[in-house]
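Everything on this sheet refers to the single structure shown next.
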Amino acid sequence: MMLLDVRDLSVEFVTSEGAALRAVDGLSFSLGRGEALGIVGESGCGKTTAMLALLRLLPPAGRIAGGQVLFDGTDLLDLAPAELRRRRWGDLAIVFQGAMSALNPVRSVGDQIREAVAAHLPLSRPEAERRVGELLDMVGISASRAGQYPHQYSGGMRQRAMIAMALACGPQLLIADEPTTALDVMVQAQILDLLNHLREQLNLGLIIVTHDLGVVAETCQAVLVMYGGRLAEHGPSAEVFAAPRHPYTRSLLRAFPDLGRPGVAPEGIPGSPPRLSDLPPGCRFHPRCGLARERCLVEGPAARMVVPGHRVACHYPIDAPGPQALAADPALQERWGRPEGA
Ligand SMILES: Nc1ncnc2c1ncn2[C@@H]1O[C@H](COP(=O)(O)OP(=O)(O)OP(=O)(O)O)[C@@H](O)[C@H]1O
Ligand SMILES: [Mg+2]
């Protein structure tokens, strides 16, 4: 059984005028133990919202509009609040975007981790303190620094401390939202090494939300690309980076130095991501897509498997077989959908 199986998850924000804006629309993916998934896409595409929905930690204006979040076979969306609180942090935990600045400046780091431990586990004070030492050790901080305050820690160490806190109750799935933003390059690499090491050592499922495709290429076996609240492409990172099938993925890669086309200057993506209040009809990417055709303007593409384990939501994926090849081969039709007019 998959550790995490997200099925058709949709999330809405209700505006002050009472309108419901869909920030995540029909998102599905799964993740096994010991696997790392990178979630990428431009700002506002719904990455954080989707992750908060998994944990049922949406802000008050947000609500889950549909779908299932199966964790080890149990739908987290069905759980009563008390049961959910227990499973959250104990089963799955998140390191929030911008978490480093969430540490309380006037309390020692060790105290803050101990509090996270004590809030969830019935430990005596000495046991909790021992656990803090263990957790600090797991993230590469000497236990002797537990008594220090956040300002005595570097940015990288503060991020490590946040990871230690997330691990307090021994989760099986760790979600890290922008874990390396605002850190310098060397420290970024160390934090990624740490996450990877923890994944292996603890057999964690790991989701890394990031703008940095390089992070995904180095750390994650699979990548999920989101656009305008929907899945655009999902597959093994090596395959997606080498041969993206969705025009948006290709644009993202080309916008990133040295990943899209090594040696070629990065190319920005023309236009801007859609606003939720003003989503284009058809494929949400069509206004910015150089390959859009008539059908893309009117019909939103469903995700389909192009190769086992590699899904694309595009009517005309890059390197798809041509109409004649399709017409001639039922097996190809099965995979790519029937050709137009057939
Ligand atoms: N509390 C909220 N109330 C209303 N709308 C929200 C709220 N939080 C997020 N949104 C909207 O939901 C959409 C998705 O936002 P989200 O923060 O999930 O994007 P993101 O992909 O994480 O972006 P970034 O890369 O900048 O972190 C955006 O259009 C955003 O404006
Ligand atoms: Mg975000």
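The values are calculated or read from the model by the stated rules, or taken from the named source; none is laboratory data. Note that the structure is predicted; figures quoted are calculated from it, not measured. For neighbour counting, all protein chains shown are included, and Cβ atoms are generated from backbone atoms with ideal geometry for every residue, glycine included. What goes into the accessible areas is simple: the full protein's heavy atoms, side chains included, and nothing from ligands, DNA or RNA. Shrake-Rupley method; radii C 1.70, N 1.55, O 1.52, S 1.80 Å.
A compact table of results
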read-out	value
Relative packing of peptides 226-236, 119-129 - highest average C-beta neighbours within 10 Å first	226-236, 119-129
Accessible surface of the chain [probe 1.4 Å, protein heavy atoms]: carbon and sulfur percent	52 percent
Amide H partners (placed H, <5 Å) of R304, local residues excluded	V312, A313, C314
Per residue accessible area of the chain, 1.4 Å probe, in Å²	46 Å²
Check: segment 229-336 dipole with +1 on Lys, Arg Cβ and -1 on Asp, Glu Cβ, in debye	200 debye
Spacing of the two label points (7 Å from each Cα toward its C-beta) at Q152 and E17, in nm	5.3 nm
Full-stretch length increase - Q324, S101 - with 0.36 nm per residue and alpha-carbon distance subtracted	74.6 nm
Sites M305 and L121, calculated FRET efficiency, Cβ-Cβ separation with R0 51 Å, nearest 0.05	0.75
Proportion of all alpha-carbon pairs of the chain beyond 31 Å (%)	37 percent
Selection from V14, V187, L136 lying farthest towards where the dipole of the chain points positive, charges on Cβ	V14
Cα centroid of segment 5-38 to Cα centroid of segment 55-114, whole Å	15 Å
Label-point separation in nm, E294 to E267, each point 7 Å along Cα→Cβ	2.7 nm
For segment 1-138, size of Cβ-based charge dipole, Lys and Arg +1, Asp and Glu -1, in debye	320 debye
